Every structure is written in structure tokens, then in C-alpha cells.
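Asker: After the C-alpha cells below, expect a handful of questions from me.
The values are calculated or read from the model by the stated rules, or taken from the named source; none is laboratory data. What you see is a predicted model; the values in this text were computed from it and never measured. We place every Cβ from the backbone using ideal geometry, glycine too, and count neighbours over all the protein chains shown. In case anyone asks, the SASA skips ligands and DNA or RNA and just uses the protein heavy atoms, side chains included. Shrake-Rupley method; radii C 1.70, N 1.55, O 1.52, S 1.80 Å.
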Amino acid sequence: MKPINEVHLAEPGLAVVEIAAADDATAFAVQELLAGRCTVAQADRTTRDPGEPGVRLRCFLDLRQAPTE
């Protein structure tokens, strides 16, 4: 994955979450759980690292705002 950009952590309440899971469905399910608790800039795809098991997904959270319906 690319390095985390400073702007994603520029203020208190902002966070970057990297999810490692066995498959896409599990990674997206975890992302949905997070989206139910805070505002999330959701990822639309996972990545695979050569030689590493499973998939990875990175999403950006804003704990300062309530999630939108």
C-alpha cells in the first residue's frame, strides 16, 4: 500500500484504518461496521500483497462527524 498522507491525519478525530482479511467480503464487511459508527471515506477495492496471505483494504475515518444515512 502507498504511504499514509499527512492530510489524512491533520487534525484530531481523523484516522486511517488498514484492514487485513482472508477475502474481499470480510474486508468490506468490516468497513461497513466502521461506517455505521463514524463517517468513512470507503474504499471500493482491496489489494493483495505478493507473498502475503489475504487481502488489504484502507479506509479513512472522521470521528468528528456522525455517519450519513
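Asker: Hey, quick one: spin label on Asp49, modelled 7 Å out along Cα-Cβ, who in segment 4-34 has an amide N within reach, i.e. under 17 Å?
Answerer: Output list for this probe position: 4-5, 16-24, 27.
Asker: Just the number please: accessible area per residue for the chain, 1.4 Å probe, all protein chains included, in Å².
Answerer: 71
Asker: Could you work out what % of the accessible surface of the chain is carbon and sulfur, using a 1.4 angstrom probe and leaving DNA, RNA and ligands out of the count?
Answerer: Exposed carbon and sulfur together represent 54 percent of the surface.
Asker: Continuing with the same structure: Taking Rg and Dmax of the Cα atoms in Å as the quantity of interest, determine which of (1) 12.5, 38; (2) 10.2, 29; (3) 13.4, 51 was computed from the displayed structure.
Answerer: (1)
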